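Report on the structure given below.
The values are calculated or read from the model by the stated rules, or taken from the named source; none is laboratory data. Just so you know, these numbers come straight off a predicted model, no measurement behind them. Virtual Cβ from ideal backbone geometry, glycine too; neighbours counted across all protein chains shown. Only protein heavy atoms, including side chains, enter the accessible area calculation; ligands, DNA and RNA are left aside. Shrake-Rupley method; radii C 1.70, N 1.55, O 1.52, S 1.80 Å.
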Amino acid sequence: MNVLIQREMEGEIASDWQERIIYHVMYGVVLNIFMWLLGPRVLDLFSIGAMDQFVSVMVVLVVSSTLNEKLKNDSINRQMSFLQTLPVSKSQLVHAKFLHMLLLWCMAFVWLSSVISVNLLLNGGWTFDLWTHVWGFTSALLFIQSMVLLCYFSKGYQVAQAVFYLSALAWAAIFIPLGLTLEETGLSKGGLWGIALMAAFIIYVISWLMAIRKVNAKGIPEESWDYLATDDVS
């Protein structure tokens, strides 16, 4: 199982953890400097909220792209078919994918929380309600990628591509109207995003269990190498 997790982390986490940590810290420092310069304290070109939302969306897209590219490469190289020839169970392959996703989510949550907190302190003061929008964006990331992985183990990578966009629309269709409705009741943003994050974790666990049940019953979907290879060339 540990070998499967290490395989999943290849390309995202360097063998030298210190180098990786230094890279993310330096990137966060540079980003905070730019946000401070563009923010209300210096050039006043963007509001604090606009900058925080931009960075949050960027993190969601980068992490999603990393995970989806991993699924695409696995499908092109028929890695799931190869791994099934090794002494590992189908459920362990599912565990590795979902644990890898959770690990990247945790890293994204810590990094985004740190960057947003520093930006808030530099430009106007940290408050709980302002910071909790991190919960909202990371809940979207967890929700979307949980649905993508469930579809990947149910129907294969081709369908999982479409599910990414459908899941993003579904999350927006659920929580934006819910937020507007609950705002009228006096619920804070922290309460709303807390609900979104808890719901995303529930979906994550359910998707994990459903994926295990699916592969144990019907196996892992056959990887369509020809389609992906043609798409890659074009």
Query raised in the report: Can you name the condition, by its number, that Pro40 falls short on among (1) within 26 Å of Arg213 (Cα to Cα); (2) surrounded by fewer than 17 Cβ atoms within 10 Å (Cβ to Cβ); (3) touching a residue at least 60 places away in the same chain (Cβ under 8 Å)?
Result: (1)
Query raised in the report: When both residues are 6+ apart or on different chains and their Cβ atoms are under 6 Å apart, which pairs have a first residue that lies in region 103-117 and is within 17 Å of Thr66 (Cα to Cα), and a second that is open to solvent by less than 10 Å² (accessible area, probe 1.4 Å) and in a helix (DSSP H, G or I)?
Result: Trp105/Leu142; Phe109/Thr138; Leu112/Val134
**Report entry** Scan of region 47-64 for residues that are at pLDDT 90 or above and among the polar types (S, T, N, Q), ordered by number
**Finding:** Ser56, Ser64
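Tell me, which helices (runs of 4 or more DSSP H) wholly within region 149-234 include 2 or more residues that are at pLDDT 90 or above and farther than 21 Å from Leu83 by Cα?
In region 149-234, the matching helices (runs of 4 or more DSSP H) lie at 157-184, 189-218.
Any idea which of Phe82, Phe109, Phe153, Phe143 is open to solvent by less than 20 Å² (accessible area, probe 1.4 Å) and aromatic (Phe, Trp, Tyr)?
Phe153
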Query raised in the report: Does Leu130 fit the bill of being touching a residue at least 12 places away in the same chain (Cβ under 8 Å), open to solvent by 60 Å² or more (accessible area, probe 1.4 Å) and touching a Leu at 6+ places or on another chain (Cβ under 7 Å)?
Result: yes
Query raised in the report: Is it true that Gly136 is outside any helix (DSSP H, G or I) and either closer than 23 Å to Met9 by Cβ or open to solvent by less than 30 Å² (accessible area, probe 1.4 Å) (or both)?
Result: no
Query - Per-region count, region 80-97, residues part of a helix (DSSP H, G or I) and either in contact with an Asp or Glu (Cβ under 8 Å, 6 or more places away or on another chain) or aliphatic (A, V, I, L, M) (or both) - result: 7
Report task. Could you please find all residues in region 46-61 being free of Cβ contacts under 8 Å to residues at least 24 places away in the same chain and open to solvent by 70 Å² or more (accessible area, probe 1.4 Å)? Result -> Phe46, Phe54, Leu61
Query raised in the report: Do the conditions hold for Asn68, that is, is it surrounded by 12 or more Cβ atoms within 10 Å (Cβ to Cβ), at pLDDT 80 or above, out of contact with any helix residue (DSSP H, G or I) (no Cβ under 7 Å at 6 or more places or on another chain) and among the polar types (S, T, N, Q)?
Result: no
